[in-house]
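Peer 1: Just passing along the structure, written as structure tokens.
The values are calculated or read from the model by the stated rules, or taken from the named source; none is laboratory data. Because the structure is a prediction, the values reported are computed rather than measured. Cβ: placed from backbone, ideal geometry, glycine included. Neighbour counts: every protein chain shown. Please note that ligands, DNA and RNA were not included when accessible areas were found on the heavy atoms of the full protein model with its side chains. Shrake-Rupley method; radii C 1.70, N 1.55, O 1.52, S 1.80 Å.
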Amino acid sequence: MILKDREVYLEETMGTVPPYVIVSQVWGVVKEYMRLPTVPWPVPISDKSKWDAIQDFCRKQHVKWIWLDIVCINQSRTPEAELEKGREIPKMNQYYPKATACLVIPQNYSIFNSAYARLMEILSTFVDSGASVKDNARSIWDGIAMLEKVADDVWFWRVWTYQELLLPKKHVLLDGQELRFDRLERCLSWYYTITHSGTIERPEGGNIYEFIDLGQFGFKGKPWGNLLSSWNLKATHERDGYLDLLPAMAITTKRFCTFPIDRILGIYGLLKEEDRVPLHEPNADFLVAEDNISVSLDSSAPSSIQFDHLFAHTSPSQQVLRLERLWERTLVKTVEEGRVWPLLHEGMIADAPSGTNWIPRIVNSAWDEVHDVCDQYNPRRATVTKAGVQLTVRVLGHISGASVSIGDGTGELNKMFSCAWALITHGFNAQPILQMLNTALARKPEGTTEDDQTKLDQALHAPSLAECFLIVEQKNFRDRLFHAGGIAGWNRTIFAAQPGPNYSGADGTYVFLGWISNQKAVDSKQCWILDVTANPQGAKRWVIANKIGPNTFHKIGSVVANTLPAFTRDDGYALVVLD
């Protein structure tokens, strides 16, 4: 094995970079440190056999050069090393795409490799051929165990490895197999379909899987749906060459990292150049000045994040503060330059300092709905001030009252139907909530029918609450709206709103189902619906905000946009500050 300094090598070859394989791995518990020729820092490793396996792969595949972050990026604790890391992190979008392949070493790589091989066999034998599920139930059912070994591997659930999934043009495993995410996505989607629909049943003698709920939720308690959405973004990245900030950050909410700031650093290679702020400037959030510290490495950290171990000496609150400051700098830059529009999010901070309530919570936040609004922008310029974001909005309507927060359980959904029915019996217009519920039903795997729409309308307009619930029970609406898309699972709120302030059409009060933070109260005298996209026909979601001063609003929630003429008119524009 020959290790050469990159700068020396490039000088010797007059700037020619040889074909190389780049390595992505999860090292696990660091048990020892290797001393390698020409590498001035000790290289942490959990199992020497993994390093031997990498060298064995190189010999068998005739690979002469590899790029490995813990070997190629200075791991020492000097200020110079920290500056190098700040410069190198944004270059991942150069190193990974230019490699001939990315060698993936999962945490349980030997088990992973054999399980993946079996899944690919199932895919070609049963899925691609259209073979009968019933006739091959035992083999297909046993394959679920293989799916679990692959989908649960830590490599899929670390922040840093996500860019290592998206950036390379090809992935390979230690045994030489090509790791195909399009094939793996097809396999996982197929298993979701046959378990959710009840197409497959547990065969006699088949394994009992605690996480299987046949005919209902499919894989209950497994977050594998997030894998599908994250893999889908690979096509977006290949097409555009980057990911927008919000969808990239949404993916990291479901992944793990050693230090909070990794939430941003780990996806820097996926972002557009204009969406990044410098990491190597003096006093930047990434830098750590202290040198005389003791280091305790995270037991499950992949090598990709070992160079961030300097953050280990800071307190949890300091680590979170670093992340929040970097997030705020990044977001302000992208908002003011018109590339990111985060105002429709639901990740709010209850006690956010004045002027920052509009910023999506980056810590302990659920971004479940962010993908629905990532393409929503306001063509008019926004300016970030100390009071909030100054922008042009459409003032759509006034909220006169709201229910308590409603959860996502079937019992909680009884409250939703009760509150909606009560308002509608007072003569309020049910079109907004009907539109929203029908859309939610349509997004479920079983879809919706014309009869569903008719029955839902009949339920909300039933002469009595008992008759309303009778229809709800007959059509199984409670179960079907459980975890329905289009609105957050918790803090659902039924509210009544009148069009305004300049609407001259028919009078009326409309019933909405929206999302309002349970830590924010509706001011029934000064609570408004705002279209912050200023796009009457294209908005997907509107903001709910209390007016707290002249042309100043404090956001408390959001609601799915609808197509009713009373709320899609092209007037009511105002220049406001939204906190």
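Peer 1: How many residues, within region 519-535, are surrounded by 15 or more Cβ atoms within 10 Å (Cβ to Cβ), modelled with pLDDT of 80 or more and in a loop (DSSP other than H, G, I, E, B)? Break it down into steps so the answer makes sense when it comes.
Peer 2: Let us first name the residues in region 519-535 that are surrounded by 15 or more Cβ atoms within 10 Å (Cβ to Cβ), namely 520, 522-523, 526-535.
Within this subset, residues satisfying the condition of being modelled with pLDDT of 80 or more are 520, 522-523, 526-533.
Filter once more, so that each one left must be in a loop (DSSP other than H, G, I, E, B): 520, 522-523, 526, 532-533.
Total satisfying the criteria: 6.
Peer 1: Give the number of residues within region 87-130 that are in a loop (DSSP other than H, G, I, E, B) and touching a strand residue (DSSP E or B) at 6+ places or on another chain (Cβ under 9 Å).
Peer 2: So the first thing to find is which residues in region 87-130 are in a loop (DSSP other than H, G, I, E, B), and the list is 99-100, 106-108, 128-130.
Imposing the further condition that a residue be touching a strand residue (DSSP E or B) at 6+ places or on another chain (Cβ under 9 Å) reduces the set to 99-100, 106-107.
Residues flagged as in a loop (DSSP other than H, G, I, E, B) and touching a strand residue (DSSP E or B) at 6+ places or on another chain (Cβ under 9 Å) within region 87-130 amount to 4.
Peer 1: Consider Val39 against the criteria (1) touching a residue at least 24 places away in the same chain (Cβ under 8 Å); (2) closer than 18 Å to Glu164 by Cα: it satisfies all of them except one. Which criterion is unmet?
Peer 2: (2)
Peer 1: Something else: Keeping to region 502-518, report how many residues are part of a loop (DSSP other than H, G, I, E, B) and either at pLDDT 85 or above or touching a strand residue (DSSP E or B) at 6+ places or on another chain (Cβ under 6 Å) (or both).
Peer 2: The number of residues fulfilling the criteria is 3.
Peer 1: Taking region 88-130 as the search range and keeping residues that are of a type in the set (A, V, I, L, M, F, W, C) and open to solvent by 30 Å² or more (accessible area, probe 1.4 Å), which one is nearest to His196 (Cα to Cα)? Even if it seems obvious, please write down each step before you answer.
Peer 2: The first filter runs over region 88-130 and keeps only residues of a type in the set (A, V, I, L, M, F, W, C), leaving 89, 92, 99, 101-105, 111-112, 115, 117, 119-120, 122-123, 126-127.
Going one step further and asking which of them are open to solvent by 30 Å² or more (accessible area, probe 1.4 Å), we end up with 111, 117, 120.
Details: Ile111: 27, Ala117: 24, Met120: 21 Å.
Once the filter is applied, the top-ranked residue is Met120.
Peer 1: May I pose another question? Among the residues of region 397-451 satisfying the criterion of being modelled with pLDDT under 90 and β-branched (Val, Ile, Thr), which is farthest from Gly572 (Cα to Cα)?
Peer 2: Going through the qualifying residues, I end up with Thr410.
Peer 1: Please note which helices (runs of 4 or more DSSP H) are completely contained in region 167-258 and include at least 3 residues that are buried (at least 18 other Cβ atoms within 10 Å of the Cβ) and under 18 Å from the mean Cα position of the chain (by Cα).
Peer 2: Working: elements: 181-196, 224-240, 245-252.
Of the helices (runs of 4 or more DSSP H) lying wholly inside region 167-258, those with at least 3 residues that are buried (at least 18 other Cβ atoms within 10 Å of the Cβ) and under 18 Å from the mean Cα position of the chain (by Cα) span 224-240, 245-252.
Peer 1: Gly401 is checked against (1) under 18 Å from Phe495 (Cβ atoms); (2) assigned to a helix (DSSP H, G or I) and fails just one. What number does that condition carry?
Peer 2: (2)
Peer 1: Now for a different question. Select from region 131-147 the residues that are assigned to a helix (DSSP H, G or I), in contact (Cβ under 8 Å) with a residue 24 or more places away in the chain and open to solvent by 10 Å² or more (accessible area, probe 1.4 Å) and write down the one among them that is nearest to Val104 (Cα to Cα).
Peer 2: Checking each candidate, the answer is Met146.
Peer 1: Restrict the check to region 72-87 and report whether at least one residue is crowded, with 18+ Cβ neighbours inside 10 Å and either under 26 Å from Arg180 (Cα atoms) or modelled with pLDDT of 95 or more (or both).
Peer 2: no
Peer 1: Right, here's the next one. Just to be sure, is Gln25 open to solvent by 20 Å² or more (accessible area, probe 1.4 Å), on the phi < 0 side of the Ramachandran plot and among the polar types (S, T, N, Q)?
Peer 2: no
Peer 1: Right, next: Select, from Trp327, Trp367, Trp358, the only residue that is in contact with a Gly (Cβ under 7 Å, 6 or more places away or on another chain) and at pLDDT 80 or above.
Peer 2: Of Trp327, Trp367, Trp358, the one residue that is in contact with a Gly (Cβ under 7 Å, 6 or more places away or on another chain) and at pLDDT 80 or above is Trp358.
Peer 1: Would you call Val17 surrounded by 17 or more Cβ atoms within 10 Å (Cβ to Cβ), at pLDDT 75 or above and in a loop (DSSP other than H, G, I, E, B)?
Peer 2: On the way: surrounded by 17 or more Cβ atoms within 10 Å (Cβ to Cβ): no; at pLDDT 75 or above: yes; in a loop (DSSP other than H, G, I, E, B): yes.
The answer is no for Val17.
Peer 1: Now for a separate question. Go through (1) closer than 27 Å to Cys72 by Cα; (2) modelled with pLDDT of 75 or more one by one and return the number of the condition Gln318 breaks.
Peer 2: (1)
Peer 1: Against the definition (in contact (Cβ under 8 Å) with a residue 40 or more places away in the chain and assigned to a helix (DSSP H, G or I)), how does Lys64 come out, yes or no?
Peer 2: So Lys64 fails the test.
Peer 1: Right, something else. Please list, ordered by first then second residue, the pairs with beta carbon atoms under 7 Å, 6 or more apart or interchain, first in region 232-249 and under 15 Å from Gly266 (Cβ atoms), second open to solvent by 30 Å² or more (accessible area, probe 1.4 Å) and at pLDDT below 85.
Peer 2: So the pair list comes out as Pro247/His371.
Peer 1: Of Thr78, Thr100, which residue is more than 22 Å from Leu165 (Cβ to Cβ) and either polar (S, T, N, Q) or in contact (Cβ under 8 Å) with a residue 60 or more places away in the chain (or both)?
Peer 2: Working: Thr100 fails: more than 22 Å from Leu165 (Cβ to Cβ).
Within the list Thr78, Thr100, the selection yields Thr78.
Peer 1: Taking the options Lys547, Lys540, name whichever one is open to solvent by 10 Å² or more (accessible area, probe 1.4 Å) and either among the aliphatic types (A, V, I, L, M) or out of contact with any strand residue (DSSP E or B) (no Cβ under 6 Å at 6 or more places or on another chain) (or both). Steps first, answer last, please.
Peer 2: Working: Lys547 fails: either among the aliphatic types (A, V, I, L, M) or out of contact with any strand residue (DSSP E or B) (no Cβ under 6 Å at 6 or more places or on another chain) (or both).
Answer to the selection: Lys540.
Peer 1: I'm trying to understand the selection: among the residues of region 562-578, which are open to solvent by 20 Å² or more (accessible area, probe 1.4 Å) and touching a helix residue (DSSP H, G or I) at 6+ places or on another chain (Cβ under 8 Å)?
Peer 2: Passing the criteria: only Thr563.
Table: residues versus (1) open to solvent by 50 Å² or more (accessible area, probe 1.4 Å); (2) within 27 Å of Gly500 (Cβ to Cβ); (3) not aromatic (Phe, Trp, Tyr).
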residue: Gly407; (1), (2), (3): no, no, yes
residue: Phe417; (1), (2), (3): no, no, no
residue: Asn429; (1), (2), (3): no, yes, yes
residue: Met436; (1), (2), (3): no, yes, yes
residue: Glu450; (1), (2), (3): yes, no, yes
residue: Ala459; (1), (2), (3): no, no, yes
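Peer 1: Also, I was wondering about something else. If you go through region 259-279 one residue at a time, how many are in a helix (DSSP H, G or I) and either farther than 24 Å from Glu346 by Cβ or among the aromatic types (Phe, Trp, Tyr) (or both)?
Peer 2: Residues meeting the conditions: 5.
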